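K.L.:
Pasting a structure below so you can have a look.
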């Protein structure tokens with residue numbers, strides 16, 4: 001990390017969206033990319049024209065916290081500071097590497113993920129958490145939106161903002177959040193990978209989080225070994241989703257035949273109902289057989305013609321029988337497709353009443369083991385929602401058991417309001433153990449859970 005002397009010409013930071021015209025700490029500011037309560041950030045170019053992100057801090061304490069973490073945590077997979085300076089107004093300037101898309105953005109585009117790409121994503125993130133935890137920090141907000149990719153392809157954990165103190169609870173929260181990210185990415189892999197060992201990895205992580213203090217250096221080494229055992233590493237990339245083809249198109253293009261190369265043969269495919277009846281196909285097969293019969297000795301031709309007639313009749317009968325793969329199950333009488341509400345707690349409710357309604361809805365969803373129903377109670381992208389879905393999908397225990405207690409044996413603390421956000425602590429009646437703090441957000445549509453904090 002370099003430390004640049006204070007600039008003599010301050011940047012012209014005008015209204016949002018207005019491009020500054022001067023250099024700052026030796027960097028040519030190109031355009032504003034972020035304007036927030038703590039920082040303004042600009043895309044900039046250095047003396048070698050390499051692109052970086054220049055951040056101007058309004059509060060020196062936040063900058064000092066990020067610098068302290070940067071000096072104590074050395075890992076290429078944790079966002080770091082490249083340079084430090086100050087403006088003419090004594091505002092701290094931190095220069096960071098320009099990173100690419102977020103993992104959440106990449107996943108939203110769709111596509112399939114090879115098992116080797118899963119390894120190349122998860123193993124570096126383990127080393128990032130190990131470095132943070134070994135230095136006495138926790139990240140505090142591990143999710144797919146805080147994972148970005150550098151120009152050389154390595155995943156980088158961002159959003160630590162100086163980190164939070166590393167305790168048993170905060171480290172366990174990081175590992176649970178990592179497990180939720182792994183589950184989210186795992187859904188994009190092939191079924192064989194999900195069966196082969198990745199699910200066992202998620203279950204092993206869940207068991208580890210239930211222990212008192214499992215997060216020793218040996219834990220992270222063991223976790224990395226389990227990840228590398230899944231497959232040989234490959235560059236992280238999502239393959240484009242391949243649209244499904246009709247049997248007729250597959251026969252013309254040959255794609256479906258290549259997909260079936262490990263099966264017993266065409267006859268087995270016909271018996272499974274995968275081929276539709278095609279007069280052209282039968283005509284081509286018959287012409288080929290007739291050519292072969294013409295080459296036979298006269299005494300065998302009668303038998304050959306009879307065999308052709310029998311084969312064509314049998315083939316036609318088989319392909320006209322509906323295949324099992326084409327049969328559509330009839331819906332059971334009276335069975336309704338479950339729908340998940342877009343608004344769970346009405347906006348006119350007070351915060352405590354809204355949380356009561358959300359918790360009761362959550363109990364109902366979990367009683368039906370409906371992961372999508374539970375996720376509908378949360379804001380999009382909430383790491384707690386990912387943890388809940390992963391637990392339900394894998395058949396694991398409730399990650400937030402105190403939230404599943406009946407209303408008669410739980411207590412809600414006084415709401416702590418922060419604008420549109422409200423934090424309420426949930427505890428078991430008569431006991432402060434296993435408390436959980438629920439972060440609620442009030443919008444025009446209604447109340448949703450933003451996140452859950454335990455410990």
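Every read-out reported here was derived from the displayed coordinates using simple, explicitly stated rules and does not represent laboratory data. All values reported here derive from a predicted model rather than from experimental measurement. Quick reminder, even Gly has a Cβ in these numbers, built from the backbone with ideal geometry, and neighbours come from all protein chains shown.
K.L.:
When averaged across all projection directions, what area in nm² does the alpha-carbon convex hull of the range 351-454 cover? Present the calculation step by step, with values, prior to reporting the outcome.
P.N.:
Details: hull surface 25.0 nm².
Mean orientational projected area (the range 351-454, Cα hull): 6.2 nm².
K.L.:
Using 0.36 nm per residue of separation minus the Cα-Cα distance, give me the extension gain between residue 90 and residue 445 in nm, one decimal. Can you show the working numbers first?
P.N.:
On the way: separation 355, 0.36 × 355 = 127.80 nm, distance 4.28 nm.
Taking residue 90 through residue 445 to full extension adds about 123.5 nm, to one decimal.
K.L.:
Order by neighbour count: 447, 204, fewest other Cβ atoms within 10 Å first, most last. All intermediate terms of the calculation are to be shown ahead of the outcome.
P.N.:
Working: 447 25, 204 15.
By the 10 Å Cβ count, ascending: 204, 447.
K.L.:
Would you list 90, 207, 83 from fewest to most Cβ contacts within 10 Å?
P.N.:
On the way: 90 8, 207 11, 83 18.
Listing 90, 207, 83 from fewest to most nearby Cβ atoms yields 90, 207, 83.
K.L.:
Evaluate 2.2 N^0.38 Å with N set to the residue count of the range 103-239, then give the Cα radius of gyration divided by it. Display every interim value, and only then the final one.
P.N.:
Values: Rg = 14.2 Å, N = 137, 2.2 N^0.38 = 14.3 Å.
Against the compact-globule rule of thumb, the ratio is 0.99.
K.L.:
Between residue 58 and residue 134, what is the FRET efficiency for a Förster distance of 35 Å, r being their Cβ-Cβ separation, to the nearest 0.05? Don't jump to the answer; show the numbers that get you there.
P.N.:
Values: r = 31 Å, r/R0 = 0.89.
Computed FRET efficiency for residue 58 and residue 134: 0.65.
K.L.:
Starting from a Cα-only point model with no solvent, please compute log10 I(q)/I(0) by Debye for the range 70-182 at q = 0.24 1/Å.
P.N.:
With no solvent term, the Cα-only Debye profile gives -1.42.
K.L.:
Peptides 126-137, 362-373: what's the order by average Cβ count within 10 Å, highest mean first? Intermediate values should be presented prior to the final figure.
P.N.:
Values: 126-137: 20.6, 362-373: 15.3.
Sorting 126-137, 362-373 by mean packing, highest first, produces 126-137, 362-373.
K.L.:
Just want the ordering: 104, 168, from fewest to most Cβ atoms lying within 10 Å of their own Cβ.
P.N.:
Values: 104 17, 168 14.
Ascending Cβ contact count within 10 Å gives the list 168, 104.
K.L.:
Let me ask another. Show me 395-408, 107-120 ranked by packing, highest mean number of other Cβ atoms within 10 Å first. Could you put the intermediate results ahead of the total?
P.N.:
Working: 395-408: 14.6, 107-120: 17.2.
Output ranking for 395-408, 107-120: 107-120, 395-408.
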